[in-house]
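What follows is a set of notes on a single structure, which appears directly below.
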Amino acid sequence: MPETPARPWGRWLVIGIPLVWLSLFFLLPFGIVLKISLSEAAVAIPPVQPWFGVEGQWLSATFEHFRLLVSDTLYLSAYLSSLRIATVSTVLCLLVGFPLALGLARAAPRWQGILLLLVIIPSWTSLLIRVYAWMGILGNTGVINNMLLALGLIDQPLVMLRTDFAVYVGIVYAYLPFMVLPLYATLVRIDPALLEAAADLGATAPTVFLRVVLPLATGGIIAGSMLVFIPAIGEFVIPELLGGADTLMIGRVLWQEFFNNRAWPLAAAVAVVLLAVLLAPLWLFHHQQSRSLELER
Amino acid sequence: MSGTPGFLSLRGLERRYGTVNAVDVVDLDIGRSEIFALLGPSGCGKSTLLRMLAGLEGIDAGTIHLDGELLNAQPAHRRPVNMMFQAYALFPHLTVADNVAFGLRQLGMETARLRARVEEMLALVRMSDYAARRPQQLSGGQQQRVALARSLARAPKLLLLDEPMAALDRQLRVEMQRELREILRSIEITCVIVTHDRDEAMTMADRIGLMQQGRLVQVGSPEAVYDRPRTRFAAEFLGPVNLLDGVAESADRVRLGDRLLPTAGAAPGARITVAVRPEDIDLHLAPPAHGQALAGTLVGIDYMGAHRVLEIEVPGLPRLSVIVSGSAQKTPPPGTAVWLDWWPEDAVVLEETS
């Protein structure tokens, strides 16, 4: 009798390893967060009441924290403000990143590797250090203000640090590579003959861009936007260091609830709702990916 | 040749890359409704020349006139010239109908007329049933038809075809060559085809321009270029040929070894090379009465279906190929002594002797 090939084993391994990984490091922790979000707060270590075994009640789960998220406008405005900051940052990243990616994709092939490296190299330094560097650049006695003062263009320092402007600068700066790389990957695959064909058929340069380059780059635009938008919405370090006291972002709220107020269940509820908010763009991202795969087939 | 000469007129056209002249002083006149093939090996400058006509490549010197109008300064999107690209360059994000409509949209054509024109073009290439498909859902031959419809939609004064058959497999190629030629003839469009395939050039074109190292080395009808090549390169590029070095005895006799063979238009006393096509050589199994045939030995036979290629060794000359058709039984076995001669006009004196 012929031996069964080892193939099914390999297949199970290929599916199984990420499955185990995701269960262990995503589903399980998420389950714990979800459980905490549904628990009563307590003065204890950890500051959460167990679900079972509390006298008088057989199950002490509660939706009270989620109710608070809806009723207290602080949370709603923090979510909205985060959405706004993440959206604006994503659009800015796109506006800065697109020409950059286009330049990369059109550069001579021998330069492309080096130029790509230049895009990536900054992220080899810790984000924290790079954000501190921006504090040095944007501060009242920072590089920009000192230069403008020395040139006599202004007589009072411009207030840039601790404003939303600084937050945008920080987010766009930090997440630009995540926008540029997927854009570059799609743009470099556009056959130059398509652009020539469009010009040959009477399209001016702006029309070629709008009708050919942009539609063919849709996959990269969506991928890059998601890679910026999703982490930006929960960003904590950048608004904390560059933002003002009134820069309201959900990441900061979460931090304050968790560490300052020790309100674990509330913080957990904030995190769960954030994930739910992100499911929509994630689904869009996934949908686009499978559609572009289909198109290529 | 059909049409009026000089509808498309190139004068002293040049394109340089560093020190290399990709296109080197090309002068050419193409008539209205003429189908002209630029034929040559890869790197000979034919594609560069085509791209210069389209406006996709700069011009370093010379002029391009189309229908009396100077094209030099016109950018690609303003020229009344359209091109069918080598791999068709169909827009993958648009349907077949939208691909064809692309050029019309740039003209600002109103919707009803645009739709009618798209339908007309798709009908012309027999692709009406595929209007809603995407290019990647079509076969190579279907993609070619769409590309043709797209490049014809704006009714260009000049149509450029860049290696139109290169992306098709061999069987389909012959079929599409015929069909493409029929379509181009039916709409009487002036057309320049770039190809490295001599059969394609000869099948499709009214005239062929043979290119070598950026220069147009010979221009003429397919018959003229095939039957009367001017240079060794032209003779060899257009098909199998026997090249024989000898000395001209008189205007119509060349000495090859110890025999005098017929030729035409030689300068007496000069060292010359004559080109004789394998199918123009007459094979005899007994010495002809005139006594001036090349005597040789049959050394090999290649059966090619309808005809056979015989390899014949003649002392003092390179091995000759002779094509014979007709019944296979008549082919003598290898080792047979044979005699070869030809008609004077079949031995063409080439310009270079090297």
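The values are calculated or read from the model by the stated rules, or taken from the named source; none is laboratory data. Just so it is clear, the structure is predicted and the values come from calculations on it, not from any experiment. Cβ: placed from backbone, ideal geometry, glycine included. Neighbour counts: every protein chain shown.
Tabulated results
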read-out	value
Hits in segment B:69-101 (condition: over 18 Å from B:LYS157 (Cα atoms) and either within 9 Å of chain A (Cβ to nearest Cβ) or without any contact (Cβ under 8 Å) to a residue 24 or more places away in the chain (or both))	B:GLN86, B:ALA87, B:TYR88, B:ALA89, B:LEU90, B:PHE91, B:PRO92, B:HIS93, B:LEU94, B:ASP98
Residues of segment A:196-252 classified as touching a Pro at 6+ places or on another chain (Cβ under 9 Å), among the hydroxyl-bearing types (Ser, Thr, Tyr) and within 14 Å of chain B (Cβ to nearest Cβ), total	1
Top-ranked residue of segment B:128-158 - restricted to ones that are free of Cβ contacts under 8 Å to residues at least 12 places away in the same chain and either among the acidic types (Asp, Glu) or within 13 Å of chain A (Cβ to nearest Cβ) (or both), ranked as nearest to B:MET84 (Cα to Cα)	B:ALA155
Residue count, segment B:5-39 (criterion: at positive phi and touching a helix residue (DSSP H, G or I) at 6+ places or on another chain (Cβ under 9 Å))	1
Selected residue (criterion: nearest to B:PRO92 (Cα to Cα)) from residues of segment A:161-194 that are of a type in the set (A, V, I, L, M) and facing another protein chain (nearest Cβ under 9 Å)	A:LEU194
Those residues of segment A:266-290 which are modelled with pLDDT of 90 or more and surrounded by 15 or more Cβ atoms within 10 Å (Cβ to Cβ), in sequence order	A:LEU266, A:ALA267, A:ALA268, A:ALA269, A:VAL270, A:ALA271, A:VAL272, A:VAL273, A:LEU274
Test: residue in segment B:248-260 that is among the polar types (S, T, N, Q) and farther than 30 Å from B:THR331 by Cβ	yes
Residue within segment A:129-149 that is exposed (fewer than 11 other Cβ atoms within 10 Å of the Cβ) and within 30 Å of A:ASP191 (Cα to Cα) present	no
Helices (runs of 4 or more DSSP H) (entirely within segment A:176-265) containing at least 1 residues that are buried (at least 23 other Cβ atoms within 10 Å of the Cβ) and not charged (D, E, K, R)	A:192-200, A:218-233, A:237-242, A:250-255
Members of segment A:33-46 that are β-branched (Val, Ile, Thr) and surrounded by 11 or more Cβ atoms within 10 Å (Cβ to Cβ)	A:VAL33, A:ILE36
Any hit, segment B:116-134, residues being surrounded by fewer than 18 Cβ atoms within 10 Å (Cβ to Cβ), touching a Gly at 6+ places or on another chain (Cβ under 8 Å) and not aromatic (Phe, Trp, Tyr)	no
First in segment A:25-44 and under 10 Å from A:ALA268 (Cβ atoms), second anywhere and surrounded by fewer than 17 Cβ atoms within 10 Å (Cβ to Cβ), Cβ under 6 Å, 6 or more apart	A:LEU38/A:ALA61
Residue list for segment B:164-192, filter: part of a helix (DSSP H, G or I) and either over 20 Å from B:VAL100 (Cβ atoms) or not assigned by TED's automatic domain parsing to the domain that holds B:GLN106 (or both)	B:ARG170, B:GLN171, B:LEU172, B:ARG173, B:VAL174, B:GLU175, B:GLN177, B:ARG178, B:ARG181, B:ARG185
Residue list for segment B:106-123, restricted to those being within 16 Å of B:ARG145 (Cβ to Cβ) and either of a type in the set (A, V, I, L, M) or in contact (Cβ under 8 Å) with a residue 40 or more places away in the chain (or both)	B:VAL118, B:MET121, B:LEU122, B:ALA123
Any hit, segment A:107-123, residues being over 22 Å from A:LEU187 (Cα atoms) and either in contact (Cβ under 8 Å) with a residue 12 or more places away in the chain or part of a helix (DSSP H, G or I) (or both)	yes
Single match in B:LEU49, B:LEU161 (criterion: assigned to a helix (DSSP H, G or I), away from chain A (no Cβ under 11 Å), of a type in the set (A, V, I, L, M, F, W, C) and in contact (Cβ under 8 Å) with a residue 60 or more places away in the chain)	B:LEU49
